[in-house]
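Here the structure comes first, spelled out in structure tokens, and everything after it is commentary.
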Amino acid sequence: MRMLIEGGTVVTATETLRDTDVLIDGEKVVALGVGLGAGIEVDRRISAAGKLVMPGGIDAHTHMELPFGGTFASDDFGTGTAAAAWGGTTTIIDFAVQDYGEGLRKGLDRWHEKAAGKAHIDYGFHMIMREVTDQSLKEMDELVDEGVTSFKLFMAYPGVFMVDDASIFRAMSRTSDNGGLIMMHAENGGAIDVLVQRYLAEGNVDPYYHGLSRPPSMEGEATHRAIALAELAGVAVYIVHLASRDALEAVREARDRGGATFAETCPQYLFLSLDDLAKPGFEGAKYVCSPPLRPADHQDDLWKGLQMDDLQLVATDHCPFHFKDQKTLGQGDFSKIPNGVPGVEDRYTVLWHGGVNSGRIDPNRFVELVATAPAKLFGLYPRKGTIAPGSDADIVVFDPNLEWVISADNHHMNVDYNCYEGMRVRGKPVVVTQRGHILVEGDTFHARPGQGRFLERSRFAER
Ligand code: URP
Ligand code: ZN
Ligand code: ZN
């Protein structure tokens, strides 16, 4: 099957090519050029006149069916990847979870089972390590050999996910041998737990206190500690879901002294704030995630971080729970609200709207943040994350002039609310392809469950 995407403006992280055709043969992009389509035979022509042609998004941080707080994230690999495709994301990297008392292998096998036959788009895995033992350290090496090359550790959630500094240092030291990467949830779980109990004892049980019990200073402290441990081990570290200027400061300082420190932020920290947690009634529960939403004045710092490359990419931390029967588990006790927000479908458009339409970033930087940087950092480049001869034909034809309103009424995520409800945005993916297959065309969904493939990623050290 040969397909031509004709006459669009091709935007990559480094180039903007006007009136350019993209020729796809089978699963790959084979050529780009002006007037390429004249006189050649193809099976399908898609007009991209007046539109942008950009790489499919890579969301490096999702949690399909994550077990949390006595329930499971409401999107599975079927619904979550369909929603991702609708929103212009053609690859996710999801977090497989090691349960207590089991090896990494068992947790990884479980995630392979969850995804196989269901995923509509390509996917890779990071591995969440709950226990750092001689056995799990050995298994890290095996996983790296199998293309699962990054491992998330938690400095928060004592008794659930948290590991101590010695474990972190041991796991980090292992990555200096096996070429993997440690991803850190950086919040000081011990101090936060004391604050949580204090607020609850005082009768302060509403979602707003979730925010107050996890102050920015404790995110900054943990980020600083994670970086110091990585520097001691002589390895790189990647800070996930960075939410505050305090944490950003620690990352910036490390990068300024030449450290191999990397970090992502998420749309919720760029567009939402502590005020959302304070919404009346139990409404604030919709916005409970960790780290929590910050006072609105942190947002400008995060945007600056994206502009200056102190933050390298935007991922969603997509972890949806229904408001009605899941977030309500924490009614009367904010600490029991399942942590996480939906967003895998929204990222491409809200970042375009809030970033490019507002003049904060240019289209090339947008592509870098949503596709190219995640591909490079997580071992998928140049197969993914760009439009070039030889790369997978994962492409978004984006209409930059289409105005629409984000709502739970028109989204495809399996969750009963949308964090950006009512946001009027300009720009929308109108055609989405993966490896030369059309997943989405206008209002029609063509992707099939099981069409997505597992991606073996190369080592961080080989990037
Ligand atoms: O609140 C969040 N972020 N939920 C998902 C789990 C995690 O820590 O990433
Ligand atoms: Zn986390
Ligand atoms: Zn997460």
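For 286, 279, 428, 327, which order do you get if you count the other beta carbons within 10 Å of each Cβ and list the fewest first?
279, 428, 286, 327
Ordered by residue, what ³J(HN,Hα) values in Hz, to whole numbers, does the stretch 416-425 give under the Karplus form 6.51 cos²θ - 1.76 cosθ + 1.60, where θ = phi - 60° and Gly and Pro are x?
8, 8, 10, 4, 10, 3, x, 6, 7, 10
Taking amide H atoms as placed 1.01 Å from N in the peptide plane, list the residues 5 or more away in sequence, or in a different chain, whose amide H sits under 5 Å from that of residue 318.
63
Using C-alpha positions alone, give me the convex hull volume of the stretch 60-147 per residue in cubic angstrom.
Hull volume over Cα atoms, normalised by residue count, gives 91 Å³.
Round to the nearest 10 and give me the degree value, 0 to 90, for the angle of helix 245-256's Cα axis relative to the longest principal axis of the chain.
70
Towards the positive end of the charge dipole of the chain, with charges on Cβ (+1 Lys, Arg; -1 Asp, Glu), say which of 201, 233, 50 has the farthest Cα.
Among 201, 233, 50, the one farthest towards the positive end of the dipole of the chain is 50.
Sort out for me the Cα centre separation of the stretch 1-61 from the stretch 189-211, rounded to whole Å.
Each part reduced to its Cα centre gives a spacing of 52 Å.
If we restrict to alpha carbons, what Rg and Dmax does the stretch 16-107 come to, in Å?
19.8, 63
Report, in whole Å, the centroid distance computed from the Cα atoms of the stretch 244-318 and the stretch 76-154.
After rounding, the separation between the Cα centres reads 24 Å.
If Lys and Arg each add +1 and Asp and Glu each add -1, what is the summed charge of the other residues whose beta carbon sits under 11 Å from the beta carbon of residue 233?
It works out to a net charge of 0.
Could you give me the ³J(HN,Hα) list for the stretch 299-311, computed from phi with Karplus coefficients 6.51, -1.76, 1.60 and θ = phi - 60°, whole Hz, x at Gly and Pro?
With coefficients 6.51, -1.76 and 1.60, one gets 4, 4, 5, 5, 4, 4, x, 5, 5, 8, 6, 6, 10 Hz.
Once you have the alpha carbon radius of gyration of the chain, what is it after dividing by 2.2 N^0.38 Å, with N set to its residue count?
0.94
Using the number of other C-beta atoms within 10 angstrom as an exposure proxy, rank 242, 329 with the fewest first.
Least to most surrounded, the residues fall as 329, 242.
Leaving out same-chain residues fewer than 8 places away, which lysines sit with a Cα under 23 Å from that of residue 304?
Qualifying lysines at Cα under 23 Å: 376.
Under 17 Å from the Cα of residue 114, which lysines turn up, not counting those fewer than eight places away in the same chain?
106
So, in nm, how far is label residue 279 from label residue 45 when the simple model puts each one 7 Å beyond its Cα toward the Cβ?
Modelled inter-label distance: 4.7 nm.
Would you order 91, 133, 62, 79 from fewest to most other beta-carbon atoms within 10 Å of each residue's own beta-carbon?
Taking fewest neighbouring Cβ atoms as first place, the list is 133, 79, 62, 91.
Of all DSSP beta bridges located in the chain, what percent are antiparallel, nearest 5?
Of all bridge pairs located within the chain, approximately 50 percent are antiparallel.
If packing is taken as the mean number of other Cβ atoms within 10 Å per residue, what is the order of 309-315, 11-17, 28-34, highest first?
309-315, 11-17, 28-34
Please list, in order along the stretch 5-21, the HN-Hα scalar couplings obtained from phi with the Karplus expression 6.51 cos²θ - 1.76 cosθ + 1.60 (θ = phi - 60°), rounded to whole Hz, x for Gly and Pro.
Once rounded to whole Hz, the list reads 9, 9, x, x, 9, 7, 10, 10, 5, 10, 9, 10, 10, 7, 6, 10, 9.
For residue 324, which lysines qualify as cross-link partners when the Cα separation must be under 24 Å and same-chain residues fewer than eight apart are set aside?
Once the sequence-local lysines are set aside, what remains near residue 324 is 279, 286, 336.
Only the coordinates and a few stated rules stand behind these numbers; no lab work does. Bear in mind the structure is a predicted one, so any value in this text is a computation, not a measurement. Glycine gets a Cβ as well: all are built from the backbone with ideal geometry, and neighbour counts include every protein chain shown.
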